[in-house]
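Working notes for the structure below.
Every number here is computed from the coordinates shown, using simple stated rules; none is lab data. Keep in mind that this is a model prediction, so the values were computed, not measured. As a convention, Cβ positions derive from the backbone with ideal geometry for all residues, glycine included, and neighbour counts pool all protein chains shown.
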């Protein structure tokens, strides 16, 4: 079993106390009205695999319905011509005006700080991050004007969604963010976009037998919340309340729980009150 304790101490101390970037708005953990979730707007965090029709439909509904403007950010999928077009197709067929779905694939931080390049984010009501490798998103968008525009979208009541890499990037600590591969749990990219504050998010957990991978991290960093999602499963987040959608389970890891807590479709939980909850569900 791979030990992560040697890298945890340095990484956690740097992430929590040692970087200027973490003290900025995107990942700040103080002065907020919520503990983990966004203060305004909503998140839809999906565990990878096939995204079920009810999850797609809910994303469009949260974005404002059939007239919504949606930006699909495809950086995680790499630099090839195939930009995980499934997301674009699924969203276009759910809108009255398919041209309102815009693909964004900025090349670098300079572009992410260019007001003209990020203009679609200014009017969008929904953002969707495709799957792939989450570090590719952070390298371009983290702590840029584009990142701020995403926060502005939430402030006006919009929704940010993403699957697999697009799920993990929404946490504050970037889980499986190493450029050499996803088996390194905490690697050379450790800061997510922070829409879920003080949170690390994993995906594909049961399909890939990952449901215990966050255990040691939460013990070493008890200020964090760990969220693991199985494939074809999502959480809808409003403030600190999350609700599960889809086919399988979500695992919630918290310092006051001896074991992670499993939630299934239709179940809700207030993550700001987790210290009052025990663990339950299949392990």
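A few notes on this one:
- Once both labels are positioned 7 Å from their Cα atoms along Cα-to-Cβ, the gap between residue 92 and residue 67 label points is 2.3 nm.
- Extension gain, residue 108-residue 188: 0.36 nm per intervening residue step, less the Cα-Cα distance, totals 27.0 nm.
- Inter-part distance where region 231-251 and region 146-214 are each reduced to a Cα centre, Å: 14
- At full extension, residue 256 and residue 209 could sit 14.6 nm farther apart than now, given 0.36 nm per residue minus the alpha carbon distance.
- What the Cβ-Cβ distance of residue 216 and residue 273 gives, at R0 = 22 Å and to the nearest 0.05, is a FRET efficiency of 0.35.
- Cα gyration tensor, region 101-149 - rounded (a/c under 1.5), prolate or oblate: oblate
- Gyration tensor (alpha-carbon) shape descriptor, region 62-143, a/c threshold 1.5: oblate
- FRET efficiency estimate (nearest 0.05) - Cβ-Cβ, residue 152 to residue 33, R0 22 angstrom: 0.80
- Rounded if a/c under 1.5, otherwise prolate or oblate - region 151-283, Cα gyration tensor axes: rounded
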